[in-house]
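What follows is a single structure, written as structure tokens, with notes after it.
The values are calculated or read from the model by the stated rules, or taken from the named source; none is laboratory data. None of these values were measured; they are calculated from a predicted model. Cβ coordinates were reconstructed from backbone atoms using ideal geometry, including for glycine residues, and neighbour counts include every protein chain displayed.
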Amino acid sequence: MDTSLASTKTRIATLRKCKFLQGLKDSVLSDLAAKAEILSIDGGTKIITRGEDGSNMYFIISGSARVHHGEVVLANIGTGDVFGEMAVLDSEKRSASVTAENSTLLLVIERDMFYESLSTDPNAFKAVIHGVLQRGRGIIREVKTRSTKLMAYEKEMEIGRQIQAGFLPKSLPVLENWELAASFVAAREVAGDFYDVFKLNNLPLLGIVIGDVCDKGVGAALFMTLFRSLIRASSLYGNVYSGLVDAEPGDASITADEVLQNSLLTTNRYIATTHAGSSMFASVFFGLLDTESGELHYVNAGHESPIIFRQNGETELLDITGGVIGLFPAAQYAVKTVTLNNGDLIFAYTDGVNEAKNLQGDQFGESRIMEATDPRDISPDNFLSIILDAIYEFRGAAEQSDDITMLALKYRLQTSTA
Amino acid sequence: MTTLNFMVGQEQGNVPVTVLRVEGDIDAATHKSLHDKAAEVIEAGSTHILLDLGGVNYMGSAGFRAIHAISNMLNDGDTPGTMKSAHLKLLNPTDAVARVIKTLGFDVYLDIYQDRGEAINSF
């Protein structure tokens, strides 16, 4: 045999390190060592490929390799480790790929030769079965430990989700002449949608906010709580202190436009400077509704255009009046005003609605919102149910990939019964 | 496509302008390489970057975050009297990317040009 790359002693020592061969007698190990081939490979070489047939098992004499599924690394292995033995023992396909990390020296044993060597000792099979089962028990223990950790982690995520849900309004204000409905359907993965509805102190104004923080995951959820809190706090309490608008404490002359400007400027400037390094942003529609006159003052900062369904059957889009918030400290936001009349319904939503995808990858789109129903004879609550059903029907078996958040508000003047 | 390709050109307008052409989809998997490439040219001395998006068919929010980070690296911050970056501009976005830019209102923050020469001379 060629011993130029690894001496007999090195070969036997390598085999002996392998746990499932530990019960074998020296004579069997020597026989295996003699039959083995030595393979020297460069770093980056793929040694086995998941899903393929294979009849060789490999023992690492020196060097290192990674066990992986595509880009996902399952384990890093090195000197003394064995791989490829499962497919040799059960004749199934390779369960993972293995790629050398650097120059690696391998001892290779082929299936038929392996069994041939074992058959030289009546106790060898017993020893190998014992060794394989020991390995199996070790893997089960490891999986148990990991799944316990994973369950604890999932519980933490669930608690986080509940805290996040607590940042959404628990109930909606009850208003004379206005009907209001909101719906939030969370995606499986944590995302950053939010909405808020609140009355302003001392002013006949109703604040309506809907927003979407960029990206997904815990980062988006954390920033969602920040954006949402800053917008509400600056609207309710911030006008006097910010200096961004000119108002005295208790000043009843402050206008809806000033409240909007102040809130957006404060929130944007705070996040764009304090959290400049995170580059986190949100698209936000913020409206202040004068519940007496029906005037809606609004800022649309890079958000999907809310839709007004007029009583006469026409529709209007409230397009953006500025860019997303949280990035550029000098950003300015224009305020626009539109008047809602008796019977009009306004619908605001996040991209979980218009970008809902079916299995073909098509998007639900704005047009399907427009065509879902005639909103004139139904309540906002009904309207949201119909839109949600339409999304579910369109999506079919495809998974919900983003939060679905919707708000609807309808002007319905009480007819006097006097 | 899971990687981005870059081409860097140095042009002389009123000031030296680095034209950074990106090819590929800018998403959660690739945005870091754009960020790193920009950091590299800024490290090498670039003070004005024209980001050529002609080869980008998709840009998600991660891409917009990377663009903001680049603008910050160019030390834009709060330019008095204007919201728009004086150091970072965009060139020739594809229709799909232009639509997202418009929805998010990024055109409020960054100048967008269709013509390379005009863009270079605008710095």
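Tell me the residue from B:GLY24, B:GLY60, B:GLY13 that is surrounded by fewer than 22 Cβ atoms within 10 Å (Cβ to Cβ), within 14 Å of chain A (Cβ to nearest Cβ) and touching a residue at least 12 places away in the same chain (Cβ under 8 Å), please. So that I can check it myself, show each step before the final result.
Working: B:GLY24 fails: within 14 Å of chain A (Cβ to nearest Cβ); B:GLY13 fails: within 14 Å of chain A (Cβ to nearest Cβ).
After ruling out the rest, the residue left standing is B:GLY60.
Name the single residue, out of those in region B:27-40 being within 13 Å of the chain's Cα centre (by Cα) and within 13 Å of another protein chain (Cβ to nearest Cβ), that is surrounded by the most Cβ atoms within 10 Å (Cβ to Cβ).
The selected residue is B:ALA38.
Could you list all residues from region A:146-178 that are in a loop (DSSP other than H, G, I, E, B) and in contact (Cβ under 8 Å) with a residue 24 or more places away in the chain?
Step one: filter region A:146-178 for residues in a loop (DSSP other than H, G, I, E, B), giving A:166-174, A:176-177.
Selection gives A:PHE167, A:LEU168, A:PRO169, A:LEU172, A:PRO173, A:GLU176, A:ASN177.
Can you tell me how many residues within region B:76-108 are surrounded by fewer than 19 Cβ atoms within 10 Å (Cβ to Cβ), modelled with pLDDT under 95, outside any helix (DSSP H, G or I) and more than 10 Å from chain A (Cβ to nearest Cβ)?
1
Restricting to region A:184-204, name every residue that is in contact (Cβ under 8 Å) with a residue 40 or more places away in the chain, assigned to a strand (DSSP E or B) and out of contact with any Ser or Thr (no Cβ under 7 Å at 6 or more places or on another chain).
A:VAL185, A:PHE194, A:VAL197
Tell me, which residue of region A:83-132 that is assigned to a strand (DSSP E or B) and over 39 Å from the mean Cα position of the chain (by Cα) is farthest from A:SER40 (Cα to Cα)?
Let us first name the residues in region A:83-132 that are assigned to a strand (DSSP E or B), namely A:83, A:97-100, A:104-110.
After this cut, where a residue has to be over 39 Å from the mean Cα position of the chain (by Cα) as well, the list is A:105-110.
Details: A:LEU105: 5, A:LEU106: 6, A:LEU107: 9, A:VAL108: 10, A:ILE109: 14, A:GLU110: 16 Å.
Applying the filter and picking the extreme gives A:GLU110.
Give A:TYR270, A:TYR333, A:TYR349, A:TYR298 a once-over and let me know the one that is touching a strand residue (DSSP E or B) at 6+ places or on another chain (Cβ under 9 Å), over 23 Å from A:GLU179 (Cα atoms) and among the aromatic types (Phe, Trp, Tyr). Let's see the steps before the verdict.
Values: A:TYR270 fails: touching a strand residue (DSSP E or B) at 6+ places or on another chain (Cβ under 9 Å); A:TYR349 fails: over 23 Å from A:GLU179 (Cα atoms); A:TYR298 fails: over 23 Å from A:GLU179 (Cα atoms).
Unique residue meeting the criteria: A:TYR333.
From the list A:SER235, A:SER229, which residue is part of a helix (DSSP H, G or I), in contact (Cβ under 8 Å) with a residue 12 or more places away in the chain, surrounded by fewer than 19 Cβ atoms within 10 Å (Cβ to Cβ) and not β-branched (Val, Ile, Thr)?
Answer to the selection: A:SER229.
Look through A:GLY51, A:GLY80 and report the one residue that is more than 25 Å from A:GLN134 (Cα to Cα) and outside any helix (DSSP H, G or I).
That would be A:GLY51, the only listed residue that is more than 25 Å from A:GLN134 (Cα to Cα) and outside any helix (DSSP H, G or I).
Can you pull out every residue in region A:303-320 that is under 23 Å from A:LYS410 (Cβ atoms), within 14 Å of chain B (Cβ to nearest Cβ) and either touching a residue at least 60 places away in the same chain (Cβ under 8 Å) or assigned to a loop (DSSP other than H, G, I, E, B) (or both)?
Passing the criteria: A:HIS303, A:GLU304, A:SER305, A:PRO306, A:LEU318, A:ASP319.
Take the residues in region A:370-397 that are out of contact with any Asp or Glu (no Cβ under 8 Å at 6 or more places or on another chain) and among the hydroxyl-bearing types (Ser, Thr, Tyr); name whichever of them is farthest from A:ARG412 (Cα to Cα).
Top of the filtered list is A:TYR392.
Kindly evaluate A:ALA36 against the criterion of being in contact with a Gly (Cβ under 7 Å, 6 or more places away or on another chain) and touching a residue at least 12 places away in the same chain (Cβ under 8 Å).
In short, no.
Using the structure shown, decide if A:ALA348 is at pLDDT 95 or above and away from chain B (no Cβ under 13 Å).
yes
Could you list, in sequence order, the residues of region A:254-280 that are aliphatic (A, V, I, L, M) and either in a helix (DSSP H, G or I) or surrounded by fewer than 19 Cβ atoms within 10 Å (Cβ to Cβ) (or both)?
Listed by number, the residues that qualify are A:ALA256, A:VAL259, A:LEU260, A:LEU264, A:LEU265, A:ILE271, A:ALA272, A:ALA276.
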